[in-house]
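The values are calculated or read from the model by the stated rules, or taken from the named source; none is laboratory data. From a predicted model like this one, the values you see are computed outputs, not experimental measurements. So basically every Cβ, Gly included, is an ideal-geometry build from the backbone, and we count neighbours across all protein chains shown. Areas reflect the complete protein model, heavy atoms only, side chains present, ligands, DNA and RNA absent. Shrake-Rupley method; radii C 1.70, N 1.55, O 1.52, S 1.80 Å.
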Amino acid sequence: MPEAVIVSALRTPIGTAVKGTLRETTAFDLAHHVVEATTKQLETDAPIDDLILGEGRYGGGVIARHAAITAGLTGVPGLAHNRHCAAGMAAVQTAAAGIRAGMDRLVLAGGVNADSTAPKARFRVGPDEWADPWTSPSHPDRPDAPNLDMSITVGWNAAVKSGISREELDAWALRSHRNAIAAIDEGRFDDEVVPIDTPFGQFAVDEHPRRTTTLEKLAALKVLHPEIDGFSITAGNAAGANDGAALLTVASDELGLPALATIRSWASVGVDPADTGLAPIEAITKAARKAGISLADVKLFEINEAFASVPVAAVRALDLDPDLVNVNGSGCSLGHPVAATGARMIVTTVHELRRRGGGLAIVAMCAGGGMGSATVLEVAAP
């Protein structure tokens, strides 16, 4: 059976939605940019079998096929993937599955998200009545797991069930910003970020991390639900709304291309929607078991900070060393361009693991509706 190896890993800088530098850049533009940059970087004559992009809330088309055509890849089909927050990760996992099954040899896979320019949907609720705007629910609505309020369904529920205080959430968020700023200043993202031209100039550096935030500033933020006793979720310890795209080239090792990393295993799980923020715990355990490894073997983890409670809960439940988790920041700082985040996390982790001399890494996240997903990566020692 061929191995699925990653031979390129690129992303755009992440923009802050609506007010950021990508506010007039469409998902089609972002996808075109990473596809074009990736194909220019590829050093192979092997045909591209497919282009798979995670996408969501962008009208229901197939952005991957659109990007293939605009990038001159007319013979490459496109596939739209949606597993909510894990859509970009699912695209990479699907590419790896095709490679390992022997059905494909070279696949471009990732995700794209453009909250700033996303279209608004309408839904007919009666003969002459419309819900406008309308958002497709991730699961049937419940008081303990509202389908349109992830601050409760994910952030608050995970904090309560794991016994995490407001102070711990804010401390993790501050750490996230500091890690992201250090990564930017030290050039750790230089190999993965492809600058993009926008109406406001060239955009080259993630703009969501806050250099000046402090524990005092985070503590001063109002909670999102003051009517709920003890509620601890704020805009500061939650991910922002963001724009961005990420793309990886997943290939068969039989092509003999220089490999950045090998995809060892992956796993997705479903949990009760009220436990969405705890789903990465099960996904990490399942993916590690499939890879035949112990968590003690893992050199790096990235667990998406949809809310700070998600990685803190996983660290606590799995007894992880927090110094190995989100070393370059994550959702609270870099941001969470939803359909792209899973791929972005894999891109960043591959490059960071290579800087550290190789080893194993696990990238994991929760996803709306009570889902979680994780991917095990391995970088060979030099």
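Along each of the three principal axes of the Cα atoms of the stretch 335-378, give the extent in whole Å, ordering the values from largest to smallest.
37, 18, 11
Can you spot the aspartates and glutamates whose alpha carbon is less than 17 Å from residue 217's alpha carbon? Ignore those fewer than 8 places along the same chain.
By straight Cα distance, residue 217 reaches 167, 168, 170.
Which value, to two decimals, describes the C-alpha radius of gyration of the stretch 273-330 once divided by 2.2 N^0.38 Å?
The value comes to 1.07.
With each label point set 7 Å from Cα along the Cα-Cβ vector, what nm distance links residue 46 and residue 215?
Spacing of the two 7 Å Cα→Cβ label points: 5.0 nm.
Determine the share of the stretch 166-295's accessible area contributed by carbon and sulfur atoms, expressed in whole percent, with a 1.4 angstrom probe. Please list the in-between numbers first.
Values: 3000 of 5900 Å².
So the carbon and sulfur contribution to the accessible surface is 51 percent.
Roughly how many debye, to the nearest 20, is the charge dipole of the stretch 204-342 about its Cα centre, given +1 on each Lys and Arg Cβ, -1 on each Asp and Glu Cβ, and no other charges?
Numbers: 10 positive and 17 negative charges, 22 e Å.
Once rounded to the nearest 20, the dipole reads 100 debye.
Return the lysines within reach of residue 120: Cα separation strictly under 27 angstrom, same-chain partners fewer than 8 residues apart disregarded; answer none if there are no such residues.
Cross-link targets: 19.
Hydropathy first: keep DSSP H helices in the chain averaging at least 1.6 on Kyte-Doolittle, then drop any whose Cα extent along the axis falls short of 24 Å, and list what survives. Provide the component values of the computation, followed by the final result.
On the way: long enough: 166-185 (29 Å, -0.51); 338-355 (26 Å, 0.31).
What comes out of the filter, once short or polar helices are dropped, is none.
For residue 15, what is the net charge nearby, where nearby means another residue's Cβ is under 14 Å from its Cβ and Lys, Arg count +1, Asp, Glu -1? If you can, show how the numbers build up before the last one.
Working: positive: 11, 19, 23, 344; negative: 24, 29, 115, 197, 206, 207, 243.
Around residue 15, the charge tally is -3.
Can you work out D for the stretch 164-285 in µm² s⁻¹ from Stokes-Einstein, where Rh is the Kirkwood radius over C-alpha pairs, the temperature is 4 °C and the viscosity is 1.567 mPa s? All intermediate terms of the calculation are to be shown ahead of the outcome.
Details: Rh = 18.4 Å.
Estimated via Stokes-Einstein, D reaches 70 µm²/s.
Largest first and in whole Å, give the semi-axes of the stretch 97-154's equivalent ellipsoid, each being the square root of 5 times a Cα gyration tensor eigenvalue.
Details: eigenvalues 235, 67, 38 Å².
Equivalent-ellipsoid dimensions as semi-axes: 34, 18, 14 Å.
For the chain, state what percent of all Cα-Cα pairs lands in each successive 20 Å bin, counting from 0 Å until the bin that includes the largest distance.
31, 60, 9, 0
Using helices alone, I'd like the mean residue ellipticity at 222 nm for the chain: each DSSP H run of four-plus residues gives -39500 (n - 2.57), total over residue count, nearest 500. Before the final figure, lay out the partial values.
Numbers: 9 runs with 110 residues, N = 382.
For the chain, the value works out to -9000 deg cm²/dmol.
Calculate, for the chain, the solvent-accessible area per residue in square angstrom, rolling a 1.4 angstrom probe over the heavy atoms of the protein chains. Intermediate results must be reported in sequence, preceding the final value.
Details: 15380 Å² over 382 residues.
On a per-residue basis, the chain sits at 40 Å².
Distances over 25 Å make up what percent of all Cα-Cα pairs in the stretch 67-219?
Working: 6811 of 11628 pairs.
Counting every Cα pair in the stretch 67-219, those more than 25 Å apart make up 59 percent.
Evaluate the distance, in nm, between pseudo-label points positioned 7 Å from the Cα of residue 103 and of residue 120 along their respective Cα→Cβ axes.
Result for the modelled spin labels: 4.0 nm.
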